[in-house]
Structure formats: C-alpha cells, structure tokens
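Since every read-out is calculated from the coordinates, none of them should be taken as a lab result. Predicted model, so just to flag it, every value in this text is computed and none were measured. Cβ coordinates were reconstructed from backbone atoms using ideal geometry, including for glycine residues, and neighbour counts include every protein chain displayed.
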Amino acid sequence: MKALIVYDSVYGNTQKIAMAIAEAVSPQGEVKVLRASEADLSELSSAGLLILGCPTHGGRPTPAMQEFLNRIPAPSIQCISVATFDTRASVRWVKIFGYAAGRIADSLKRKGATLVAPPAAFFAAGKEGPLKEGELERAADWAKGFPESKKQFCNAPHLHNCTLQSRLVNGFVRIGMRPARAA
C-alpha cells in the first residue's frame, strides 16, 4: 500500500510528527511525505492511505492546508483510507475555537473519504513548541494502528464489488468503476 502524508508546519513540530508517522507506516509499503504547499493532486491516484496534518491556528487548519483541501476533487479520494492529525498547545481556552484535525477530517468525509482512525492531537509545550515528551512515540503508535487494506473501509457500499480505475482525460483524472474480477 502506498501512503501519502501531506502536512504543513510553522515551527517544525508538525513536520516532526509527520516524519514519525511516515517511519511507522513505512513497513506497510511506500511512503511519500510532502508539504501541503508542494503536494501535487496527481499523487492521490496511487495512494491507498492519505494522512493529513497541520498545526491548529485559530481553531482551523493553516492556510496552506486549507488550500490543499479545497483543491481535492471529491471523486479522487473516494475509497482512500484517510487519517488526520494536528499539533496544538495544551491550553484550555484553545478548545473554544476547535481544532484543525477534526475540520480536516470533516472536509475529507464530505468528499467521500473514509476515516481509518479518529482525528489525533499531538501536543506542544507552547505555541512554538517544542513537542511535549513522548509525542513522537505516541504519533508512531497511532499510525501503526492503520489498516493495510483500504477496501474494508470503503464508505460506498455500491463500490464493494468494484475496483477503481483512473485515467487522464484532457488533463483531468477521470475515475470510474468496473466490476471486480472473481478471485
């Protein structure tokens, strides 16, 4: 299974979490880690697992992550396993505004993605960090719990006996379904 990790980081804390997650899922297959500002949507066509994460800023994802989310067309992530995370300060008043991971997850679910884990939070000692002790290990443990098969988590019941196929048509990725062959 190919995993794609797309992250944004302001002070380097979220990048460290993304790298710990990449190391944890690498035994399951190829892993590619990209900043949200550099991520190409064509990478989604070969990904079986998409992991998105960024710091929480004002209760929302960072502008770079939000822009990446806005560019994702709904059909391109149907039946892709998805997980989201954020980094945040452990200050009580922050929860009034909400957190990035849940908002990212909601955006992806509306586009047809299937969450394989609840949105995760990793804590920094303050706005600029550093990460609290044990957070890199906790991130790796969280990622090791992801399933290897995306098919068992598909939200679309009408696709369970189908395989997805995609092809480039006039510069756009066209996604279609065809009946799965009997094993």
In whole angstrom, the spacing between the Cα centers of region 37-62 and region 114-143 equals 16
Low-density loop GluC sites (Glu not before Pro), region 1-90, at most 12 other Cβ within 10 Å, DSSP non-H/G/I/E/B, are E38
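With only Lys, Arg, Asp and Glu charged, each at its Cβ (+1 for the first two, -1 for the last two), find how big the charge dipole of region 17-134 is about the Cα centre; round to the nearest 20 debye.
On the way: 13 positive and 10 negative charges, 112 e Å.
With only Lys, Arg, Asp and Glu charged at Cβ, the dipole is about 540 debye.
Could you list R71, R110 in order of exposure, starting from the residue whose Cβ has the fewest other Cβ atoms within 10 Å? Display every interim value, and only then the final one.
Working: R71 12, R110 9.
Starting with the residue having the fewest Cβ neighbours, the order is R110, R71.
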Counting sequence-distant residues (5 or more places) and residues on other chains, those with an amide H built under 5 Å from that of V31 are A3
Cβ density ranking, 10 Å radius, fewest first, applied to T14, T56, T87, T114 yields T114, T56, T14, T87
Residues C54, C79 in order from fewest to most other beta-carbon atoms within 10 Å are C79, C54
